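Just so you know, all these numbers are worked out from the coordinates, no wet-lab data involved. Note that this is a predicted model, so its numbers are computed, not measured. Cβ sites come from the backbone with ideal geometry, for glycine too, and all protein chains shown count toward neighbours.
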Amino acid sequence: MNPTPTTGKAAKPVRAGADKPSTDRHGPDRHGTDKTRADRHSTGGERHAAERHSGERHSRAASRTADAHVAGWVAFVGAGPGDENLLTVRAAALIGRADLVVAAQWVGDRLGHLLKPGATLVDSDAQLQDPKMLIKAAKAGQLAVRLFAGDPFVFASAAADAAACAKARVPFEVVPGVSPATAVPEYAGIPLTTDATGDVRIIHAAEVSRVSATDGTLVILGAETGPVDLGKMLIAAGWPETAPLAITWNGTTTDQHTVVGSLGTIAADLKAAGVSLLTAHGPAVAVVGEGVAAQPALSWFETKPLFGWRVLVPRTKEQADEVCTLLRARGAVPEQVPTIAVEPPRTPQQMERAVKGLVTGRYQWIGFTSVNAVRAIREKFEEYGLDARAFAGVKVAAVGEQTAKALREFGIMPDLVPEGEQSAEGLADAWPAYDDILDPINRVLLPRADIATEGLLGRLTDLGWEAEDVTAYRTVRAAPPPAPIREAIKGGGFDAVLFTSSSTVRNLIGIAGKPHAVTVIAVIGPQTAKTAAEFGLRVDVVAETPSVAALVDALAAHGAGLRGAAIEAGEPVRKPSERRRGARRRIR
């Protein structure tokens, strides 16, 4: 018995023609009778159309809400091969609505953040002690989700669990998942079928000794149990020693690693790659067949410029989200460490007067020197029920592209953004001098942080402007990160650190210590590079333009250069953190 699709609220029907057309109290004109009749016919047609569309909406909504009325049920859900982005839409929806989720620990760790508040996450080992756990939860009126790595009906116990639900007359649903048998080879760049053959066999490693040789492709799940023995057992079963073989650990994740060889050479190939049972951790998928030969040319995932790099992003969470998205797209594993917390000013009167001045025309210009300043003004505007229209007649300046982007999201197109150095100095260089003929007002509003320097204020005064410096927000140094993060920073556990301002340099070193010498230091511009150098850091990467996108691009280009140099020298490609003394390659 399968429940029907996901829950949704029915749209409230709108009665067409509810507003009667207004009429002149002295009566209609000479065309009024015909016009009113035409309106009435039109309104009637619209009413019938609206009722028809409303009925369709009710039908769709009823379908969406049907599963909400099921007293309790069980969903057997495929969690995919590892990459959360390969989770199906239905799977994500059920995980987010579940009262009870049962999963292997590594699956739960990866998807636990999708659970709703109050949901219970249980390790799958507990189900062995209480086989009726799912049935009990369903009979108690709960939605119980059993997560399976890959697909629930491929080398998993979902069929037996579903049969138990059927026997107990408990409704259940099976949600297919992307299987590692196909996804992992694809992420490794290995086609399973070729023009010559479409034969593909999928087995578990426990069956290897019983598989006879074939001209097609053999996919072996569970290959992590004895990767060195795979070649020996297949050769003993009649496979040629020259048959191409590839083994991929932790497929579709940023811990993915593929070793390519042949059945006869795989032991030596694994040793050369530094792979053994001591260093290799996580699930592995092996592929035997001619498609393996295409892997060097088709490898697209592991060859990303920052693949597997652990990159520290010392920013506030709101500011780090965009950076982390850009880093993940290039294969990196970003970790956010807030170095400052942004808080409102201690006394709000200054900001209140500033907003009133903007609305009443007190200022000719307003200059934003950070995204936080834009956010502070926007929040104050929304507090008073104002929007971007209140800036009418005021010229707006932004210190750089990121600040300009925040203004555009607010509905404001900045009049001035420096084309050269995007800093307070660069903004001052681009700012026009006051002209008592062209400029009716000589006042400039500068909403800034409480610790902002006076450089811009002085430069504007020299240009003839009367600048008013207003504290829009306070920056407070964040609490130190957990001990493992601090140890990784100082011990070379991170491959790179991104510094987006001088304050992030000072604050990170203040709360966590100086990054290790092997860590790549990437900065957003010359001023940040100068600050990093003052603290004794070797700057490896400087963005061409002061934006986070350019900074990530510059780091990616640096990573690609290191990779290319290693390949050209015939050396293994290693991350910066693997170059520190005592570091040992580990496949997780």
Task: Value of relative contact order over the chain, rounded to a whole percent, pairs C-alpha under 8 Å and six or more apart - done: 10 percent
Task: Residue-averaged [θ]222 nm for the chain, counting only DSSP H segments that reach four residues, each worth -39500 (n - 2.57) - done: -11000 deg cm²/dmol
TODO: Subtract the Cα-Cα distance of K514 and L463 from 0.36 nm times their separation in residues, and report this length gain in nm to one decimal.
DONE: 14.4 nm
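Could you calculate the contour length gain from E322 to R210, that is, 0.36 nm times the residue separation minus the distance between their Cα atoms, to one decimal place in nm?
Stretched out fully, the E322 to R210 stretch lengthens by 35.3 nm.
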- [ ] List E322, E382 from most exposed to least, where exposure is judged by having the fewest other Cβ atoms within 10 Å.
- [x] E382, E322
TODO: Along Cα→Cβ, 7 Å out, is where each label goes; now give me the distance between the ones at D109 and I437 in nm to one decimal.
DONE: 7.2 nm
Task: Residues A388 and E568, FRET efficiency given R0 of 60 Å [Cβ-Cβ distance, rounded to 0.05] - done: 0.70
TODO: Would you pull out the residues with amide H under 5 Å of W431's amide H, same chain only if 5 or more places away, H placed 1.01 Å from N?
DONE: none
- [ ] Quickly work out the H281-to-A166 label distance, labels modelled 7 Å from Cα along the C-beta direction, and quote it in nm with one decimal.
- [x] 4.0 nm
TODO: Please list, in chain and number order, the residues 5+ apart from F172 or on another chain whose amide H is under 5 Å from its amide H, with Hs placed from the backbone.
DONE: V74
Open item on the list: Tell me the net charge near G82. Cut-off is 10 Å between Cβ atoms, G82 excluded, with +1 for each Lys or Arg and -1 for each Asp or Glu.
Closed with: -2
Task: In sequence order, calculated HN-Hα J values of segment 412-424 (Karplus, 6.51, -1.76, 1.60; Hz; x Gly/Pro) - done: 10, 8, x, 7, 9, 9, x, 7, x, 5, 9, 8, 4
Open item on the list: Which of rounded, prolate or oblate describes segment 326-375 when judged by the alpha-carbon gyration tensor and an a/c cut-off of 1.5?
Closed with: oblate
TODO: Give the peptides 177-184, 230-237, 158-165, 541-548 in descending order of average Cβ contacts within 10 Å, highest first.
DONE: 177-184, 541-548, 230-237, 158-165
Open item on the list: To check you understand DSSP bridge types, tell me what percent of the beta bridges within the chain (both residues inside) are antiparallel, rounded to 5.
Closed with: 30 percent
Task: segment 132-190 versus segment 396-459: alpha-carbon centroid distance in Å - done: 57 Å
Open item on the list: To the nearest 20 Debye, how big is the dipole of segment 343-477 about its Cα centre, given +1 on the beta carbon of each Lys and Arg and -1 on that of each Asp and Glu?
Closed with: 540 debye
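Ranked highest first by average number of other Cβ atoms within 10 Å, how do 476-485, 105-114, 490-499 line up?
490-499, 105-114, 476-485
Treating only the Cβ atoms of Lys and Arg (+1) and Asp and Glu (-1) as charged, compute the dipole magnitude of the chain about its Cα centre; round to the nearest 20 debye.
On the way: 66 positive and 66 negative charges, 371 e Å.
That gives a dipole near 1780 debye.
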Open item on the list: Among [x] 1.08; [y] 1.14; [z] 1.58, only one was calculated for this model; which label is it, if the read-out is Rg/Rh (Cα atoms, Kirkwood Rh)?
Closed with: [x]
- [ ] Using every Cα-Cα pair within segment 181-298, state what percent have a distance larger than 17 Å.
- [x] 49 percent
Task: Net +/- balance of residues flanking A196 in space, Cβ distance below 13 Å, scoring K and R +1, D and E -1 - done: -4
Open item on the list: Can you give me the long-range amide H partners of T120? Hydrogens built in the peptide plane at 1.01 Å from N, cutoff under 5 Å, separation of 5 or more residues or another chain.
Closed with: L100, V101
Task: Under Karplus coefficients 6.51, -1.76 and 1.60, residue-wise ³J(HN,Hα) of segment 502-507 in Hz, glycine/proline x - done: 5, 5, 5, 5, 4, 6
- [ ] For the pairs K514/K575; K116/K380; K116/K136, note any where the Cα-Cα span goes beyond 29 Å.
- [x] K116/K380
Open item on the list: Through the Karplus equation 6.51 cos²θ - 1.76 cosθ + 1.60, θ set to phi - 60°, convert the phi angles of segment 379-395 into ³J(HN,Hα) values in whole Hz; use x for Gly and Pro.
Closed with: 5, 5, 4, 5, 4, 8, x, 9, 9, 4, 5, 5, 8, 4, x, 9, 7
- [ ] Express in nm, to one decimal, how much length is gained between A329 and A297 on full extension, taking 0.36 nm for each residue of separation and deducting their alpha carbon distance.
- [x] 9.5 nm
